[in-house]
């Protein structure tokens with residue numbers, strides 16, 4: 001039997017929970033793959049005109065991998081600066097900004113042809 005005490009002097013009995021971290025990681029990867037993960041490629045494929053897709057696809061891929069690297073590299077420093085709770089609240093705020101951006105600025109493309117989407121995007125610009 002192991003006892004694990006947090007900084008608030010609350011001791012919890014932690015036994016047999018080794019599987020929980022693996023299951024949590026698998027759920028995160030699966031939900032990210034169905035949610036935010038493919039968003040850069042989806043937006044470049046559906047919203048942008050054909051003449052801009054190759055350049056925009058490259059920029060979306062490079063920026064996606066860059067920010068994934070930056071998040072992974074700097075998480076420990078952010079955790080030291082803001083504590084674990086602060087780091088996760090920070091990323092929650094970033095996610096909220098992302099949801100707001102998608103809700104207010106990314107156009108709905110369901111049932112529209114590429115020509116209709118291009119006409120709508122050119123009228124916005």
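Which condition number does residue 25 fail, the rest of (1) exposed (fewer than 13 other Cβ atoms within 10 Å of the Cβ); (2) more than 27 Å from residue 116 (Cβ to Cβ); (3) touching a helix residue (DSSP H, G or I) at 6+ places or on another chain (Cβ under 8 Å) being met?
(3)
Can you work out which of the residues in segment 102-121 that are over 20 Å from residue 35 (Cα atoms) and at pLDDT 80 or above is surrounded by the fewest Cβ atoms within 10 Å (Cβ to Cβ)?
So in segment 102-121, the residues over 20 Å from residue 35 (Cα atoms) come out as 111-121.
Imposing the further condition that a residue be at pLDDT 80 or above reduces the set to 111-113, 116.
On the way: 111: 6, 112: 14, 113: 9, 116: 11.
It comes out as 111.
Quick grid of which residues meet (1) under 22 Å from the mean Cα position of the chain (by Cα); (2) at pLDDT below 85:
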site: 7; (1), (2): no, yes
site: 38; (1), (2): yes, yes
site: 52; (1), (2): no, yes
site: 83; (1), (2): yes, no
site: 100; (1), (2): yes, no
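What pairs come up if the first residue lies in segment 33-45 and is farther than 11 Å from residue 61 by Cα, the second is assigned to a loop (DSSP other than H, G, I, E, B), and their beta carbons are under 7 Å apart, counting only those six or more places apart or on different chains?
Cβ pairs passing all conditions: 43/106.
Could you list, in sequence order, all residues of segment 46-60 that are in contact with a helix residue (DSSP H, G or I) (Cβ under 7 Å, 6 or more places away or on another chain) and part of a helix (DSSP H, G or I)?
Going residue by residue through segment 46-60, those that are in contact with a helix residue (DSSP H, G or I) (Cβ under 7 Å, 6 or more places away or on another chain) are 46-49, 53, 56-57, 60.
Hits for segment 46-60 are 46, 53, 56, 57, 60.
How many residues, within segment 71-81, are surrounded by fewer than 12 Cβ atoms within 10 Å (Cβ to Cβ) and within 13 Å of the chain's Cα centre (by Cα)? Write out each step before concluding.
Residues of segment 71-81 that are surrounded by fewer than 12 Cβ atoms within 10 Å (Cβ to Cβ), as a first pass: 72-73, 76-77, 80-81.
If we keep only those that are within 13 Å of the chain's Cα centre (by Cα) too, we end up with 72.
Residues that pass the stated criteria total 1.
The values are calculated or read from the model by the stated rules, or taken from the named source; none is laboratory data. The structure displayed is predicted, hence computed values, not measured ones. Here the Cβ is made from the backbone with ideal geometry for all residues, glycine too, and neighbour counts use every protein chain on show.
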